[in-house]
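Structure first, commentary second.
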Amino acid sequence: MSDIIQKVKNLSIGFKSKKGEEILILKNISTKIKKGETVGIVGESGSGKSTLALAMMGYVKHGLYTIGGECEFNSSNLLNMKSKDLEKIRGRKIAMIPQNAGQALTPNLKIGYQIDEALQLHSDLNEKEREKKISELLNKVRLPSPETIALRYPHELSGGQQQRVAVAMALAGTPDLLLLDEPTTGLDVTTQAHVLELLNFIAKDTGTSMVYVSHDLGAIAQVSDRIIVMYSGEIVLEGPSRDILKRPIHPYTHGLLKSIPKLSLAGLPESMPGSQPQPGIIQSGCSFFDRCNFSEDKCKNNSPQLEFLKELNTSVRCFNYEKLLKESQVNQNVNKIKNNSKDKEILNLSEVSISYAKQKLLDQIFNRISDDNPTVKDININIKKGETIALVGESGSGKSTILKSIAGLIRTKDGLIRFDENRNLSSDLKERNPNDLRIIQLIFQNPDESLNPNHTVEEIIAQPLKLYFGLKGEELNKNIIDLLQKVRLGEFYMSRYPRQLSGGEKQRVAVARAFAAKPDIILCDEVTSALDVSVQAAVLNLLQQLKEDFGTTYIFVSHDLAVVRAISDRVAVLYQGRLCEVGPSNDVYKFPSHPYTEVLLGAVLEPDPDIKPKLVAEDIVEEKPPEKGCSFQGRCSRIVGDICKKEIPPWQLTDSGNAIRCHIPIKELQKKQF
Amino acid sequence: MLFLIIKRILLGFITLFIVSLITFVGTEILPGDACTTYLERQAFGEQLEACYRRLGLNVPAYERYVSWAVNAIQGDFGYSLSGEMPIKEVLGPRIKNSLVLASAAIFIGIPIALILGIVTALWRDKLPDVAISTVTIFAMTIPEFISATLLILIIAIWLEWLPGIVIVPTDVSFLELLPNIVLPVIAIAMIMTAHMARMVRSSVIQVMASEYVQMAILKGVPYWKMVFKHVLPNALLPAINVVALTIAWLLGGVVVTEVVFNYPGLGRLVIESISNRDLPTVQALAIILASIYVSINLLADLMTLMLNPRLKTLQIRK
């Protein structure tokens, strides 16, 4: 018994609805965390995973309350403990690493103080020793020059650095159990891989138990020994990490793994129908019933219990797990995407530069932008009709900036943006005529913010139809219904407000609104990042279908390289606003050739415990592009000499039409580094 | 940082210049002028000419503006019409009286507002919050002329504890004035405190719900330490600007209260000089009130800048 550190027993947490009904967020959860093990809790948003992690610290959010059950730590129940006693456990025995360190660090207190506070509370060190310890901790999380970092305020650090500070703060009390709530969500791929590697190292080094909460199976796969899969407030599957990822015996996990795009597979993964039921909707049968491919009649009316299978050391909540046992592995079927691109060029960016520099008085008078080192520089891309081109890169790579300038939201500093070979779109929004505006439409990352909450779906979709085509009455109505059907939403959605829709449905409305203008080009800015994995695949499939039907061209921006792999025909890799590599996605992904592309692809986390990320370059954050030479010189591991620092590298072409900008000869580049 | 302060001060002067222009032009456009108002029915012929010469109204408007502005900068606003005494001397005691009233209200009101705001936020939805919030909302919604009249009725007339209206001369000493200002201060402080307490409450509640406060709790920081270190500094920062506006409002003369209590402050002077068509005094008052608003807001912005590390570094980097 002594090897168990945290025991959750029949835990139910919920809230009272306005009608006074008790609505459950967690339903009768029981599990145990052993000493020294790392447990991953995975689930979609709303599955109750964060509530469970917080309960393990005896914390229940404002508005929620414990309905029954216990969270036992060292055989005392945290959920009915006095706050005095809890203060001695929190931070000292159990520590939390939050999702968004940028918001979890108090803005008016210096980094050093915030770590010192934990040390003061949870150790007996005197001031001198504490000061030394702060440096040690910051060193341990691999932050450069700890002494100066300690004197900074949280907002002066980058996202990755803030996350490391949060780790250092959690380690200050030398806890026995670390709870991590989505600790790498919101970080760049490369930073994410580095932080995960650090966490793995700490787990081994200190023997701390960890509970790792995430929606990202890729991250969970890298760190956990055991995985708990949650769905709609229940544990549906719990077992050794490898078995769960390689042979999931619950239909939900099975479907989830199938719907995640992989780097090694070109094409769109199968999507899972439907979405997770809202809390409070009481179903008589299994909560996954209406999305399940393996369901039978009895699933509809009887809810399965969590069953422990001794031979597999796994618990599963499903009547039909045996059917899944027979399927030896997850066979991922992908719909290969057809390359619809015609030879005809639709959009041409030549020598485009964009600057965010503040205009000085003289420049304002002459209406010009003077900036020697603009945020985005020398962008040359030809986009063909009907193709999907993806722009990839870390945050700050200028990918969204380029989208904005195509849409006319920012004016370009230099260069030309030409539509259909002769129409100049370099000017900004005010100077474009309505037709220029119609041909380019945007779909944003977060449908919660891009849809007006006070408009019904009907009004949202009607707007472009009225504006560009002057439709009215019956005809307008017909068009709206038509568009809704195209995005697989029924007519009855017309009277709904955005808040009455799920995340996936909202994004479908946003897609319908974009297509309402009958555009030639649609700019997709991280369109699936705010969606759950199971919904993401469905939206990607929808976009692909619409593109084939309408012959639209997509410019697709995403930080998720596997998603890009799934949907795009061509990829352009950007670093610090400069192009590194442009080519057909098959080639870019098969022979990663530019050193930066290698870094990006190496850092991708796959939901497979056998594929480890390769960390090539440091995850330094560069504030500004270098003035001279190659944009990637600061982080490149393959620098050939002074030439990289002085001269802008030339474009080199491979046989397959892949253009790479590097001083290293093509032959040399294509030799694999690993 | 220094550059920013200089820039802000310059902008303040520009604002004042514009205000002075507007008031000057405004009074020019109005039909009639100081002399016609002063002379009333005798405003014609020789007498009017003489008055114009005496007040210097016979030169072009821009010249008058320039000479007025030059004098105003030196603190000389010319002569008031009604009393025929220098405006400087009219203003002096009025400013002092308004300052006394305002500072009394500030010293009583602000600490109470902060305490009430914090208490209601920390005990949100519990008994202290419900009780205090009911009272503050009540105090906020009663217009000050009603609360002031009620105060006079109850405390001055029924109980006879304090004088109901101020009938002392404008230039009495502070101690003599003191019993007279108690009721006006209560009337002003009630409404001001209630407003500020609500503001502080919502600000504290917002910070209490933030992720960094949740993090501090999960770090094991004891409750009161968390409140003082993590919550209050962040919650009270936005309050500075509200406090500043309140102070400016107080100094600018709480017109209604001053009139009800017959209090000889700036607010009443505004009313008096407008109804007497005492244009030079109105001009002087406009400039003085504008400079109070500008300087207090400037001070508040600078304070926010000093206290908020985020803004400070941003400015330095720029």
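Read-outs throughout are calculated quantities, based only on the coordinates presented, and are distinct from any laboratory measurement. The shown structure was predicted, so the numbers you read here are calculated from the model rather than taken from an experiment. Cβ sites come from the backbone with ideal geometry, for glycine too, and all protein chains shown count toward neighbours.
Below are the figures for this structure:
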quantity	calculated
0 to 90° range, to nearest 10: angle between helix B:45-55 axis and chain B longest Cα axis	50
Selection from A:Ile461, A:Gln441, A:Ser426, by position along the positive dipole direction of segment A:421-466 (Cβ)	A:Ser426
Set of segment A:568-603 residues, backbone N closer than 14 Å to the point 7 Å along the Cα-Cβ line of A:Leu263	A:588-603
Lys, Arg +1 and Asp, Glu -1 on Cβ, resulting dipole of the protein assembly as shown about Cα centre, debye, nearest 20	1540
Dipole magnitude of chain B, debye to nearest 20 (Cβ charges: Lys/Arg +1, Asp/Glu -1, about Cα centre)	1720
Helix-only mean residue ellipticity at 222 nm for chain A, each DSSP H run of n ≥ 4 adding -39500 (n - 2.57), per residue, nearest 500	-9500 deg cm²/dmol
Residue order, fewest to most surrounding Cβ atoms within 10 angstrom, among B:Met226, A:Met56	B:Met226, A:Met56
Fewest-first ranking of A:Met494, A:Met230, using other Cβ atoms within 10 Å as the exposure measure	A:Met494, A:Met230
Potential extension, B:Thr36-B:Thr141 segment - 0.36 nm per residue separation minus Cα distance	33.5 nm
Sites B:Glu160 and A:Arg152, calculated FRET efficiency, Cβ-Cβ separation with R0 45 Å, nearest 0.05	0.10
Cα convex hull volume per residue for chain B (Å³)	174
Potential lengthening between A:Asn335 and A:Lys430 on full extension [0.36 nm per residue; Cα-Cα distance subtracted]	30.1 nm
For chain B, calculated [θ]222 nm from helices alone, where every DSSP H run of n ≥ 4 adds -39500 (n - 2.57)	-25000 deg cm²/dmol
Dimensions (Å) - chain A, Cα atoms, principal axes, largest first	75, 68, 49
Ranked packing of A:101-108, A:450-457, most packed first, by mean Cβ within 10 Å	A:101-108, A:450-457
Span from the segment A:461-540 Cα centroid across to the segment B:191-263 one, whole angstrom	44
Separation of the A:Lys646 and A:Ser350 label points, Cα + 7 Å toward Cβ, nm	3.1
Ranked packing of B:273-282, A:181-190, most packed first, by mean Cβ within 10 Å	A:181-190, B:273-282
Only Lys, Arg (+1) and Asp, Glu (-1) charged, at Cβ; segment B:60-211 dipole about Cα centre in debye	360
Which of A:Thr375, B:Thr23, B:Thr120, B:Thr141 has the fewest Cβ neighbours within 10 Å, and the rest in rising order	B:Thr141, B:Thr23, A:Thr375, B:Thr120
Folded to 0 to 90 degrees: helix B:87-122 orientation relative to chain B principal axis, Cα	20
Efficiency of FRET from Cβ geometry, A:Asn313 and A:Glu21, R₀ 45 Å, rounded to 0.05	0.75
R0 of 41 Å, Cβ-Cβ distance A:Glu421-A:Glu270: FRET efficiency to nearest 0.05	0.60
Hits among aspartates and glutamates - C-alpha to C-alpha of A:Lys140 under 14 Å, sequence gap 8 or more where chains match	A:Glu197, A:Asp205
Test item: A:46-59 mean partner chain Cβ contacts at 10 Å	1
Semi-axes of the equivalent ellipsoid for segment B:194-258, Cα gyration tensor, largest first, Å	33, 9, 9
Nonlocal amide H pairs with A:Cys580, under 5 Å, H built at 1.01 Å	A:Val573, A:Leu574, A:Tyr575
Too-long pairs where the Cα-Cα distance tops 26 Å, listed order kept, from A:Lys258/A:Lys614; B:Lys7/B:Lys229; A:Lys7/A:Lys132; A:Lys9/B:Lys219; A:Lys93/A:Lys133	B:Lys7/B:Lys229; A:Lys7/A:Lys132
Positive-end residue of B:Ala284, B:Gly265, B:Ile240, charge dipole of segment B:197-318 with Cβ unit charges	B:Ile240
Of the DSSP H helices in chain A, those whose Cα atoms cover at least 24 Å axially and whose Kyte score averages -1.0 or more	A:189-206, A:533-550
B:Leu2 paired with B:Ser291, simple spin-label distance in nm, labels 7 Å along Cα-to-beta-carbon	2.6
Spatial separation of Cα centroids for segment A:284-322 and segment A:214-246, in angstrom	17
Per-residue average of Cβ from other chains inside 10 Å of B:218-231	6
Chain lengthening between A:Lys128 and A:Asn77 when straightened (0.36 nm per residue, less Cα-Cα)	14.7 nm
Inter-part distance where segment A:385-445 and segment A:2-19 are each reduced to a Cα centre, Å	50
Share antiparallel - DSSP beta bridges, the protein assembly as shown, percent rounded to 5	60
Length-normalised contact order for segment B:92-317 - Cα pairs under 8 Å, 6+ apart - percent	26
Proximal lysines relative to A:Lys16, as straight alpha-carbon distance under 22 Å, when same-chain residues fewer than 8 apart are discounted	A:Lys27, A:Lys49, A:Lys61, B:Lys126
Set of lysines with alpha-carbon distance to A:Lys466 below 16 Å, sequence-local pairs under 8 removed	A:Lys478, A:Lys518
